[in-house]
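Below is one structure; the comments refer to it alone.
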Amino acid sequence: QVQLVESGGGLVQTGGSLRLSCAASGRGFSTYAMGWFRQAPGKERELVAAISWSGGSTYYADSVKGRFTISRDNTGNTASLRMNSLKPDDTAVYYCAAGLKVVIATPLGYDYWGQGTQVTVSS
């Protein structure tokens, strides 16, 4: 089992950057695929980015492609989401998630979730 804790959210102006981190505790982090999801008020949760257990495969939603970068450090048991050129539409609660049977370009297969971190982009 894996416990996940996000950090790094905050308030930023349009065009700014933030780096979200997800610290994992428990066994077997390096065997889990990791994903970042977000949920804005009144909207469904959406998969933003994902990375395979090895880091060899990544996925990005079209809305963030070219602006966000997902990475992981299996030695340090962390996953990160670098967010550049932020827009007001990026405002949401961001969640990291882990799963053993993740289908990398879909929201399927995630078993463990963090509590979320708020990202607010002002116009």
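The values are calculated or read from the model by the stated rules, or taken from the named source; none is laboratory data. In this text the structure is predicted, and so the values were computed from the model without any measurement. A quick note on method: Cβ atoms are made from the backbone with ideal geometry, for glycine too, and the neighbour counts reach across all protein chains shown. Just so you know, the surface numbers come from the protein's heavy atoms only, side chains and all, with ligands and any DNA or RNA stripped out. Shrake-Rupley method; radii C 1.70, N 1.55, O 1.52, S 1.80 Å.
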Note to self: What's the number of the only condition in (1) of a type outside the set (A, V, I, L, M, F, W, C); (2) touching a helix residue (DSSP H, G or I) at 6+ places or on another chain (Cβ under 7 Å); (3) surrounded by 22 or more Cβ atoms within 10 Å (Cβ to Cβ) that ASN77 fails to meet?
What the structure shows: (3)
Note to self: Let me spell it out: the conditions are (1) modelled with pLDDT under 95; (2) farther than 15 Å from ILE70 by Cα, and GLY10 meets all of them except one. Which number is the exception?
What the structure shows: (1)
Item checked: Selected residue [polar (S, T, N, Q), under 12 Å from the mean Cα position of the chain (by Cα), under 20 Å from VAL2 (Cβ atoms) and open to solvent by less than 60 Å² (accessible area, probe 1.4 Å)] from SER52, SER30, SER71, SER57 -> SER71
Check: Between a first residue in the range 104-121 that is farther than 19 Å from ALA24 by Cα and a second residue that is open to solvent by less than 50 Å² (accessible area, probe 1.4 Å) and modelled with pLDDT under 95, which pairs have beta carbons less than 8 Å apart while being 6 or more apart in sequence or on different chains?
Finding: LEU108/VAL102
Notebook entry, point to check: When only residues in the range 23-41 that are assigned to a loop (DSSP other than H, G, I, E, B) and over 15 Å from PRO88 (Cα atoms) count, which is modelled with the highest pLDDT?
Noted result: TYR32
Check: Which condition number does GLN13 fail, the rest of (1) open to solvent by less than 70 Å² (accessible area, probe 1.4 Å); (2) within 23 Å of THR91 (Cβ to Cβ) being met?
Finding: (1)
Next item on the list: Can you tell me which residue among LEU86, LEU4 is farther than 18 Å from GLN115 by Cα and within 15 Å of the chain's Cα centre (by Cα)?
Entry: LEU86
Next item on the list: Scan the range 67-113 for residues that are in contact with a Gly (Cβ under 8 Å, 6 or more places away or on another chain), among the charged types (D, E, K, R) and under 15 Å from LEU47 (Cα atoms) and jot them down.
Entry: ASP111
Check: Residues LEU47, LEU11, LEU20: which one is part of a strand (DSSP E or B) and under 19 Å from VAL103 (Cα atoms)?
Finding: LEU47
Next item on the list: Would you please list the contacts, defined by Cβ atoms under 9 Å and residues six or more apart or on different chains, that run from a residue in the range 87-102 that is under 16 Å from ALA49 (Cβ atoms) and surrounded by fewer than 23 Cβ atoms within 10 Å (Cβ to Cβ) to a residue that is hydroxyl-bearing (Ser, Thr, Tyr) and at pLDDT below 95?
Entry: LYS87/SER123
